[in-house]
Amino acid sequence: MKVSIDKTKCAVCGSCVAICPEVFEMRDDGVVDVKPEYQGVDITDPQIQEKVRQAFDACPAMAIVIEE
Ligand code: SF4
């Protein structure tokens, strides 16, 4: 699983950061993004995958993009 955020859609609500702080972060410049260590990385940990899916479901802006 790879995950990214469509920043043209992101409403910066912070839900994904609250649900899965392992993968998502709110940067100092106020942009929410995937942490550098997870950008373009194939996530294989089932627990992290589940949390990413929870964040995907919770995102009010449909801004989280998952590639299986
Ligand atoms: S949950 Fe969606 S809209 Fe909210 S900060 Fe994360 S990507 Fe952006």
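Derivation of every value follows stated rules applied to the coordinates shown; laboratory data play no part. Small disclaimer: the values here were computed from a predicted structure and weren't measured. Note: ideal-geometry Cβ built from the backbone for every residue, glycine included; neighbour counts use all protein chains shown.
Filtering the stretch 21-68 down to residues that are assigned to a helix (DSSP H, G or I), among the aliphatic types (A, V, I, L, M) and within 14 Å of residue 10 (Cα to Cα), which residue is nearest to the chain's Cα centre (by Cα)?
Among residues in the stretch 21-68 that are assigned to a helix (DSSP H, G or I), among the aliphatic types (A, V, I, L, M) and within 14 Å of residue 10 (Cα to Cα), the one nearest to the chain's Cα centre (by Cα) is 55.
Return the total of residues in the stretch 2-20 being more than 8 Å from the chain's Cα centre (by Cα), near the ligand (Cβ under 10 Å from one of its atoms) and in a loop (DSSP other than H, G, I, E, B). Please lay out each step first, then the result.
If we filter the stretch 2-20 for residues that are more than 8 Å from the chain's Cα centre (by Cα), which is where we start, we get 2, 6-15, 18-19.
Restricting the remaining residues to those that are near the ligand (Cβ under 10 Å from one of its atoms) gives 6-7, 9-15, 18-19.
Next, only the ones that are in a loop (DSSP other than H, G, I, E, B) stay: 6-7, 9-14.
Qualifying residue count for the region: 8.
Residues that are surrounded by 13 or more Cβ atoms within 10 Å (Cβ to Cβ) and near the ligand (Cβ under 9 Å from one of its atoms): does the stretch 39-56 have at least one?
Looking for residues that are surrounded by 13 or more Cβ atoms within 10 Å (Cβ to Cβ) and near the ligand (Cβ under 9 Å from one of its atoms), one finds at least one in the stretch 39-56, hence yes.
Residues checked against (1) touching a residue at least 40 places away in the same chain (Cβ under 8 Å); (2) not small (Gly, Ala, Ser):
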| residue | (1), (2) |
| --- | --- |
| 6 | yes, yes |
| 13 | yes, yes |
| 22 | no, yes |
| 26 | no, yes |
| 36 | no, yes |
| 40 | no, no |
| 49 | yes, yes |
| 58 | yes, no |
| 62 | yes, yes |
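State which residue is nearest to the ligand (Cβ to nearest atom) when the search covers only the stretch 21-34 and only residues that are exposed (fewer than 14 other Cβ atoms within 10 Å of the Cβ) and charged (D, E, K, R).
Looking at the filtered set, the residue picked out is 27.
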